[in-house]
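Here is the structure we will look at, set down as structure tokens.
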């Protein structure tokens with residue numbers, strides 16, 4: 001008989017893997033990409049270039065005064081992450097909803113640590129084809145977006161089940 005892994009173990013693995021991969025890749029980006037020209041791979045589809053993001057998503061808010069950035073992106077983000085964890089625990093989220101929340105929290109915590117330690121978030125990945133490109137991002141950002149996607153998909157699927165339809 002094959003035993004299913006406990007949900008807590010899966011969530012712990014997602015959190016540790018996300019934070020670990022993000023911290024290691026940011027360290028590599030800082031030591032190998034800072035003060036160097038960007039590097040192109042796969043015919044300019046993937047670019048690795050060092051950037052320090054003083055703002056939020058895609059640099060939004062980077063032009064705010066330092067006190068406002070600190071309040072919004074350090075204090076505000078810390079409270080929001082704590083709130084997400086509290087809600088997930090209070091409502092005993094399970095399944096993909098819990099995994100999604102864990103990915104959002106792990107990615108958020110890793111970026112939050114950057115803000116506490118450096119005052120900015122290290123970004124280094126750009127993906128695109130021709131003029132269609134992403135902004136500069138990092139592994140934590142991927143985890144956050146994946147987590148949000150899982151949470152929305154799970155909520156949508158649960159709503160479809162409870163309404164008796166396919167969604």
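Any read-out appearing in this document is the output of simple, stated calculations on the displayed coordinates, not a laboratory observation. For clarity, every value in this text was computed on a predicted model and none was experimentally measured. Glycine also receives a Cβ, built like all others from the backbone with ideal geometry; neighbour counts cover every protein chain displayed.
Just a few scattered comments:
- The modelled label-to-label distance for the pair residue 68/residue 35, using points 7 Å beyond Cα in the direction of Cβ, is 3.3 nm.
- Taking the C-alpha atoms of region 72-167, convex hull volume expressed per residue in Å³: 126
- A helix-only calculation puts the chain at -18500 deg cm²/dmol for mean residue ellipticity at 222 nm, using -39500 (n - 2.57) for each DSSP H run of at least four residues, averaged over all residues.
- Between 120, 157, 62, the residue with the greatest mean-square fluctuation in the GNM of the chain (Cα pairs under 10 Å linked by springs) is 157.
- Between 0 and 90°, nearest 10: helix 95-118 axis offset from the chain longest Cα axis: 30
- Per-pair calculated FRET efficiency, R0 = 22 Å: residue 145 and residue 24 via Cβ, rounded to 0.05: 0.70
- Kirkwood Rh, angstrom, region 110-155 [1 / mean 1/r, Cα pairs]: 12.2
- Contact order relative to length of the chain, as percent, for alpha carbon pairs under 8 angstrom and 6 or more apart: 28
- Computed FRET value (nearest 0.05) for residue 157 with residue 10, which takes r as the C-beta separation and R₀ as 30 Å: 0.95
- The stretch between residue 17 and residue 127, if pulled fully straight at 0.36 nm per residue, gains 37.4 nm over its current Cα-Cα span.
- Compared with the dominant Cα axis of the chain, that is its longest principal axis, helix 139-162 is turned about 30°.
- Cα→Cβ-extended label distance, 7 Å offset, between residue 82 and residue 117, nm: 2.1
- Debye log10 I(q)/I(0) for region 1-97, one point scatterer per Cα, at q = 0.11, 0.25 Å⁻¹: -0.58, -1.25
- Full extension of the chain segment joining residue 52 with residue 94 gains 11.6 nm, where the gain is 0.36 nm per residue of separation less the Cα-Cα distance.
- Acute angle (nearest 10 degrees) that the helix 77-90 long axis makes with the longest principal axis of the chain, alpha-carbon atoms: 10
- Share of Cα-Cα pairs in the chain lying beyond 19 Å, as whole percent: 62
- Normalised size of region 8-59, defined as Cα radius of gyration per 2.2 N^0.38 Å with N residues, equals 1.45.
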